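Single-structure report; data block below.
What follows is calculated from the coordinates using simple rules that are stated; it is not laboratory data. Being a predicted model, the structure only gives us computed values, none of them experimental. Positions of Cβ are generated from backbone atoms using ideal geometry, with glycine treated the same way; all protein chains shown enter the neighbour counts.
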Amino acid sequence: MSLRRIATREEWLDARKELLAKEKELTSQRDAISAERRRLPMVPIDKDYVFDGPNGTVRLIDVFEGRPQLMIYHFMFHPEWEDGCPSCTAGIDEVSAGFLAHLHTRDTTFALVSRAPLAKLERWRAKQGWDLPWYSSFGSDFNYDFGVTIDASRGFDQYNFRTLDEYATMGQESMKTADQPYDMPGRSCFLRVDSHVFHTYSQYARGLESTGGSYYFLDLTALGRQEEWEEPKGRSESARTATPDFAY
């Protein structure tokens, strides 16, 4: 194992301050991108998607569970597989009851959708000990339309906003030569306004790895964190003018 350079406390402090400046810049960029994400246009969902769930057949608007926002994780589970994707499984293992509660507090539902039949999903969920909604899109166009099932024969030849030919040009020929249809991971966000549902955002590939708790996930949605800074009551003028830079 290669150890870091050993330094004095003063040298460490100088290096840490230099890094802090870069961290603040990154935070500012992330906040700006989150704001731009909230300004993205949204697309009305006109197709009547139907899913199989633990309590029977549901439609996309039902998956919201009465909340205005919905975040769906496109969990890789091919209809012919007996087990779920190991990487997707590892990610969902980290979804806690507290995480879901924090999203629910911000009127946001989190759910899984996969192409495998419901019986396989239920078996895998029970084996993993998960307690979160999981729906089967088996037989529907949902996975195809949202870019996580690749099938060039049906015109679905893109992933993460690149064509299979572009992947091949980049040296990732397997994206084009693999047996189709095949599934890939993704995350999609939706907004419900009365009886209307809109698609607001989707992310794929390495974007799925950038996680940081419920606030990170809320930053992916149309309504964001839905909170404003409130000045604590009883603070003096000097305290107000000396408010720490909490954003960084």
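Things worth noting here:
- Aspartates and glutamates whose Cα lies under 15 Å from that of Lys47, excluding same-chain neighbours fewer than 8 positions away: Asp62, Asp141, Asp145
- Using a cutoff of 8 angstrom between alpha carbon atoms and counting only pairs six or more residues apart, the relative contact order for the chain works out to 23 percent.
- Restricting the calculation to alpha carbons of the chain gives Rg and Dmax of 21.7, 68 angstrom.
- Cross-link partners of Lys127 among aspartates and glutamates, defined as those whose alpha carbon lies under 19 angstrom from its own and excluding same-chain residues fewer than eight positions apart: Glu80, Glu82, Asp83, Asp93, Glu94.
- Global form of region 19-62, assessed from the alpha-carbon gyration tensor, a/c cut-off 1.5: oblate
- Cys with no candidate disulfide partner in the chain (beta-carbon separation under 4.7 Å rule): Cys189
- Rounded to the nearest 20 debye, the dipole magnitude of the chain is 540 debye, with +1 charges on Lys and Arg beta carbons, -1 on Asp and Glu beta carbons, and the Cα centre as origin.
- Between the amide H of Phe156 and those of Asp151, distances stay under 5 Å, these residues lying 5 or more places away or on another chain, with hydrogens modeled in the peptide plane.
- Taken over region 83-131, the alpha-carbon convex hull comes to 79 cubic angstrom per residue.
- Here is how the number arises for the chain: DSSP H runs of 4 or more residues each give -39500 (n - 2.57), the sum is divided by the residue count, and the result at 222 nm is -10000 deg cm²/dmol.
- Residue ranges 109-120, 185-196 sort as 109-120, 185-196 when ordered by packing (mean number of other C-beta atoms within 10 Å per residue, highest first).
- Label-point separation in nm, Glu10 to Arg123, each point 7 Å along Cα→Cβ: 6.8
- Zone of Met170's modelled label, taken as backbone nitrogen in region 187-205 under 17 Å from a point 7 Å along Cα→Cβ: 187, 202-205
- Residue-wise HN-Hα couplings along region 130-147, as the Karplus relation 6.51 cos²θ - 1.76 cosθ + 1.60 with θ = phi - 60° gives them from phi, are 7, 10, 8, x, 9, 10, 9, 9, 3, x, 10, 8, 4, 4, 5, 5, 9, x Hz; Gly and Pro carry x.
- The protection proxy used here, the mean number of other Cβ atoms lying within 10 Å of each residue, ranks peptides 1-7, 35-41, 86-92 as follows, highest first: 86-92, 35-41, 1-7.
- Taking the convex hull of the alpha carbon positions in region 119-163 and averaging its projected area over all directions gives 4.2 nm².
- Quotient of the Cα radius of gyration of region 136-189 and 2.2 N^0.38 Å, N being its number of residues: 1.11.
- For region 67-74, backbone phi angles converted through the Karplus equation (6.51, -1.76, 1.60; θ = phi - 60°) give residue-by-residue couplings of 8, x, 10, 9, 10, 10, 9, 7 Hz, Gly and Pro being listed as x.
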